[in-house]
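What follows is one structure encoded as structure tokens, with my remarks underneath.
The values are calculated or read from the model by the stated rules, or taken from the named source; none is laboratory data. In this text, all values refer to a predicted model and were calculated from it rather than measured experimentally. Virtual Cβ from ideal backbone geometry, glycine too; neighbours counted across all protein chains shown. We work out accessible area using only protein heavy atoms, side chains counted, and drop any ligands, DNA or RNA first. Shrake-Rupley method; radii C 1.70, N 1.55, O 1.52, S 1.80 Å.
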Amino acid sequence: MRLKPSVVVLVLLCLFFVSLDIAAQKTVKGRVFDLENSTPVPFASVAVKGKTTGTTTDFEGNFSLTLPDGADSLLVAFMGYQSKAISTKKYEVGSSLEIYLKPSQQQLREVVIRAGENPAWAIMRKVIGSKDARNAEKLGAYEYEAYHKVEVDIDNISDKFKKRKSVQKIIAKIEQLEKLKGEDGKALIPMFISESVARHYHRLDPNRSKQQVLRTNIKGVGMKDDSFVAQFTGTGFQMPNFYKNWMPLLRKDFMSPIADGWRGSYDYYLADTTNVGLHPCFEIDFEPKNKYDLAFTGRMYIDTLSFALVSIDATVSKGANINFVEKVRIQQEYEVVGDSAWMPEKSRLLIDVAEFSANTAGGLIKLSSSLKDIVVNKPRPTEFFDVNLEMTEGFNQKNTEDEAQFWTNARQDSLTREEKLAYSLIDSIGNIPSVRRTTNVINFFLRDGHIPVANGLELGSMFYSYAFNNIEGNRLRLSMRTNKFFSNRLFLSGYVAYGTLDKVWKGGGELNYVLSRKPLTVLGVRANYDLDQVAQRQEDLAEFPILANFTRIGRLRGGAFYQNEDYVFVQRDVARDFQQTVGVRFRTFAPAFPFAFRRTDVSAGFPPLQENYQTTEFVFETRYQPGRVPSRKLVGGRVRKRNNDSPFVTFKYVFGAKDLLGSDFQYHKFQLELTHSVRLGVLGRTNYVFNAGYTPSRLPMPLLFPHLGNETVLYLKNAYNMMNVFEFVSDHYVSLAMQHNFEGLLFNRLPLIQKLKLRMFATGKVLVGGLNERNQELIPLRNRDGVLLKDFRSLNDRPYVELGYGVQNIFKVLRVEFIHRVTHLDSPRAKHFGVRLSAYFSL
């Protein structure tokens with residue numbers, strides 16, 4: 001069949017006009033960001049203004065939209081932001097728009113209550129019912145490769161700061177950053193950036209986890225070493241899991257919007273149904289019933305078939321009972337893995353740190369994580385997890401040929417113009433004198449008061465430099481230590497001190513040598529001569545240098561004595577979660593307070609009194625530390641891994657060998673300590689410490705267990721604050737100390753004071769112990785000079801109890817506790833009630 005010429009012409013004309021229409025269209029691509037913190041805005045609506053054509057951004061804020069003929073502007077909108085119109089007249093095909101939305105007060109849309117059940121509740125019940133099946137942490141095993149990024153920025157740069165002469169060199173770049181973000185834009189100046197790639201492994205039975213750090217890239221203002229790199233290279237880096245009822249964040253517990261108690265704590269609104277990727281979803285908005293509670297406001301997308309969490313955008317507002325934080329925002333996007341579990345493939349966490357005063361800048365901490373190469377239900381052998389953190393060879397290599405290409409491939413998205421410009425500022429900012437001074441101060445506290453003075457050498461801790469007390473007068477101390485730049489195996493430290501009143505020189509030194517990294521094995525040697533206190537030994541306060549030095553100030557009430565110590569030990573990680581220390585220690589004791597004891601040889605009646613003695617001990621200590629990871633401290637250093645609430649147990653046995661190196665006694669001492677923290681739902685969190693000690697041996701008082709009292713107005717955490725100093729001593733005891741933090745459970749519901757963000761707590765301490773007659777016989781009434789000695793009493797196995805309650809977070813820094821002594825009220829000088837104050841700093 002032949003077509004008529006007229007038909008052919010008609011078809012050609014139609015094709016021509018269609019092609020003209022297509023040519024008139026253009027595709028616009030871009031990304032949508034938050035104006036204040038430059039994080040992507042996922043699921044924002046991007047529509048052609050005045051048309052029905054539109055799309056939504058993906059998790060990274062990306063969108064692509066083909067414009068119809070005549071369209072010249074876009075309208076971008078999302079809950080919690082001001083809508084924004086964007087002209088596309090000057091858009092060049094192939095480029096990418098960067099659109100910044102200004103946050104507004106985030107509120108749920110008005111809900112009209114009608115007869116019948118809230119339609120969101122039926123969906124929520126199915127979400128709660130399927131939580132265990134959807135939670136990836138319930139899988140038998142899973143592993144993945146993760147890209148982690150941490151960025152710390154300064155925001156709200158003041159005009160006063162910009163006018164400084166030293167800032168003029170980079171002012172052009174700062175202004176260029178603000179111009180990129182539009183009329184209301186503020187520059188974010190990066191101070192620290194860390195990128196890492198790590199392989200994560202998990203196994204459910206037995207519960208094990210491991211991280212292999214493959215590569216790190218760290219850059220920051222004032223960064224001179226990796227003192228806190230472990231926080232940013234995968235160690236402890238875990239995004240919140242919304243499938244858990246409570247999510248630890250900022251050392252607090254936030255209630256998930258899909259927690260078992262969802263209905264009593266949150267309001268919900270079924271907003272719409274939409275597609276997230278390939279998943280049809282219910283769009284549900286949520287907010288806490290009480291805005292001061294530790295809970296979230298936001299939007300989540302629930303799969304309509306499996307009722308799994310597909311994506312969530314959750315914010316903790318300024319009204320929540322948190323200090324120094326304007327906002328916390330978590331964004332996650334999930335994908336199904338295995339048969340039914342869902343895993344957050346992409347996560348972002350933003351912490352907006354408030355300005356401390358009107359003329360200071362605020363800060364932003366941005367963490368992001370993306371996963372790939374996910375493998376499920378293929379468990380690794382148990383012995384594979386013996387080392388829970390492993391740094392591969394060359395993990396921190398720099399300036400290699402493939403470095404730039406490696407990080408380009410590792411990043412999920414290429415850097416924006418703002419990021420590229422901001423990153424180039426880091427070195428320039430570090431040269432500004434005021435910034436350099438500030439970073440030096442921050443590093444000073446991060447290093448526990450140490451100051452670098454040469455490559456591999458640090459001065460300090462400066463916290464110990466000066467003290468004044470009734471025995472030494474003015475105590476002056478100079479101390480130094482090496483760091484990893486001196487040697488990554490050998491660590492040295494030493495100090496000298498002098499008292500202007502006692503005119504005695506003190507000093508000491510310590511050597512730690514790493515014999516092996518896998519498993520970690522350390523040989524240590526320590527020798528010193530110094531003033532110490534029986535009831536407040538410096539070795540027990542080593543991790544708190546400010547507090548340790550505070551105990552040397554004023555009148556020394558803890559039984560001061562001069563001590564010479566020599567200690568040799570080996571510490572080794574003998575198994576996963578277990579650490580063993582074995583050592584030999586020689587000590588002398590010369591009291592600086594009235595003290596004496598009767599010699600143990602009683603065959604000749606009353607033996608002569610003795611004041612000084614010396615001991616040689618063999619020390620065996622075992623620590624059980626589930627879920628801990630190495631800290632900066634080489635010897636004994638472990639920190640609790642985030643999201644881990646397992647108990648921490650320490651068992652210690654000491655054998656005193658008589659006549660060895662002149663030792664005066666043979667004895668056995670046993671001690672056990674267990675610390676634990678338990679979440680009690682909406683009621684808050686309880687922290688408790690259980691201790692027990694026992695010695696069957698006959699020993700003078702300092703070698704027994706003197707219980708620490710406190711006669712000052714300052715609160716001491718490890719003391720019995722209504723007990724007098726040296727009021728009781730035991731050779732066997734058990735104790736339990738508990739503190740329950742209600743957070744804002746009570747005060748958040750009192751309208752007149754909820755804005756003060758006060759937090760109520762309750763405490764209780766119980767001690768049961770005693771002193772057998774053989775040890776009581778060693779305590780005389782007077783020493784050899786006839787001076788009346790302290791009357792050390794026995795508890796006689798009758799419980800000592802004190803109960804307290806109080807308020808913390810007063811002006812964000814103060815804690816007040818009211819304490820009642822309940823038992824042993826007949827004891828001389830016993831106080832029935834007291835008030836204790838302390839500085840308190842917490843988010």
**OP:** For an R0 of 60 angstrom, estimate the FRET efficiency from the Cβ-Cβ distance between Leu478 and Asn796 and round to the nearest 0.05.
**Re:** 0.80
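With only Lys, Arg, Asp and Glu charged, each at its Cβ (+1 for the first two, -1 for the last two), find how big the charge dipole of segment 240-322 is about the Cα centre; round to the nearest 20 debye.
Values: 8 positive and 10 negative charges, 80 e Å.
Using Cβ point charges on Lys, Arg, Asp and Glu, segment 240-322 gives about 380 debye.
When you count, for each residue, the other Cβ atoms within 10 Å and take the mean per peptide, how do 699-706, 732-739 rank with the highest first? Provide the component values of the computation, followed by the final result.
Values: 699-706: 22.1, 732-739: 18.5.
Going from most to least packed, we get 699-706, 732-739.
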Original post:
Counting only the heavy atoms of the protein chains, how much of Ser677 is accessible to a 1.4 Å probe, in Å² to the nearest 10?
Top reply: 20
Subject >> Under 5 Å, built H, 5+ apart or other chain: amide partners of Phe665 >> reply: Thr616, Asp659
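By accessible area of protein heavy atoms, probe 1.4 Å, what ranking do Tyr423, Tyr268, Tyr694 get, highest first? Let's see the in-between values first.
Details: Tyr423 40, Tyr268 10, Tyr694 110 Å².
Descending accessible area places them as Tyr694, Tyr423, Tyr268.
For Gln580 and Arg380, what is the calculated FRET efficiency with R₀ set at 25 Å and r taken between the beta-carbons, to the nearest 0.05? Can you show the working numbers first?
Working: r = 25 Å, r/R0 = 1.01.
Taking R0 as 25 Å, the efficiency between Gln580 and Arg380 is 0.50.
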Original post:
Over the heavy atoms of His668, what accessible area does a 1.4 Å probe trace out, to the nearest 10 Å²?
Top reply: 60
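Ala454 to Lys90: extension gain in nm, 0.36 nm per residue of separation minus the Cα-Cα distance? Let's see the in-between values first.
On the way: separation 364, 0.36 × 364 = 131.04 nm, distance 5.59 nm.
Here the segment from Ala454 to Lys90 would lengthen by 125.4 nm.
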**OP:** Quick one: order Met480, Met300 from most to least accessible surface, probe 1.4 Å.
**Re:** Met480, Met300
Original post:
Modelled label-to-label distance, Phe618 and Leu204, 7 Å Cα→beta-carbon offset: nm?
Top reply: 4.6
Original post:
In whole Å, what are the Cα extents of segment 762-822 along the three principal axes, biggest one first?
Top reply: 52, 28, 14
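Please work out how much length the chain gains when fully extended from Leu837 to Glu355, using 0.36 nm per residue of separation minus the C-alpha to C-alpha distance, in nm with one decimal. Show your work: numbers first, answer last.
Numbers: separation 482, 0.36 × 482 = 173.52 nm, distance 2.69 nm.
The Leu837-Glu355 span can extend by a further 170.8 nm.
Place a +1 charge on the Cβ of each Lys and Arg in segment 698-796 and a -1 charge on the Cβ of each Asp and Glu, then give the dipole magnitude about the Cα centre in debye, rounded to the nearest 20. Write out the running numbers ahead of the final one.
Details: 12 positive and 8 negative charges, 97 e Å.
Value, rounded to 20: 460 debye.
Evaluate E = 1/(1 + (r/R0)^6) for Arg436 and Phe324, where r is the Cβ-Cβ distance and R0 equals 25 Å; express this FRET efficiency to the nearest 0.05. Please report the intermediate quantities before stating the final value.
Working: r = 24 Å, r/R0 = 0.94.
Calculated value: 0.60.
So which chymotrypsin sites (Phe, Trp or Tyr not before Pro) in segment 785-819 are both in a DSSP loop and have at most 10 other Cβ atoms within 10 Å of their Cβ?
Numbers: sites: Phe792, Tyr800, Tyr805, Phe811, Phe818; in loops: Phe792, Phe811.
Within segment 785-819, the qualifying chymotrypsin sites (Phe, Trp or Tyr not before Pro) (loop, at most 10 other Cβ atoms within 10 Å) are Phe811.
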Original post:
For the pair Val336 and Arg784, how long in nm is the line joining their label points, each one 7 Å along Cα→Cβ?
Top reply: 8.5
**OP:** Choose one of Gly509, Gln538, Thr521: the residue whose Cα lies farthest towards the positive end of the charge dipole of segment 494-540 (beta-carbon charges +1 Lys, Arg; -1 Asp, Glu; about the Cα centre).
**Re:** Thr521
Subject >> Nonlocal amide H pairs with Ile322, under 5 Å, H built at 1.01 Å >> reply: none
**OP:** Quote to one decimal, in nm, the extra length available between Leu250 and Asp373 on full extension: 0.36 nm per residue of separation minus the C-alpha distance between them.
**Re:** 41.3 nm
**OP:** Heavy atoms only, probe 1.4 angstrom, no DNA, RNA or ligands counted: give me Lys244, Lys291 ranked by accessible area, highest first.
**Re:** Lys291, Lys244
Subject >> Cα centre as origin, Lys/Arg/Asp/Glu Cβ charges: segment 46-92 dipole, Debye >> reply: 220
**OP:** Compute the distance in nm between two label points, each set 7 Å from the Cα along the Cα-to-Cβ direction, one at Arg598 and one at Thr55.
**Re:** 9.3
Subject >> Residues whose placed amide H lies under 5 Å from that of Ala271, excluding near-sequence neighbours >> reply: Glu283, Ile284, Asp285
Original post:
Whole-Hz Karplus ³J(HN,Hα) for segment 380-394, in order, using 6.51 cos²θ - 1.76 cosθ + 1.60 and θ = phi - 60°, x for Gly and Pro?
Top reply: 7, x, 4, 5, 4, 9, 4, 10, 8, 9, 9, 9, 6, 4, x
**OP:** Express in Å², to the nearest 10, the accessible area of Asp402 obtained by rolling a 1.4 Å probe over the protein heavy atoms while all chains stay in place.
**Re:** 80
Subject >> Computed Rg/Rh of segment 719-843, alpha carbon atoms with Kirkwood Rh >> reply: 1.13
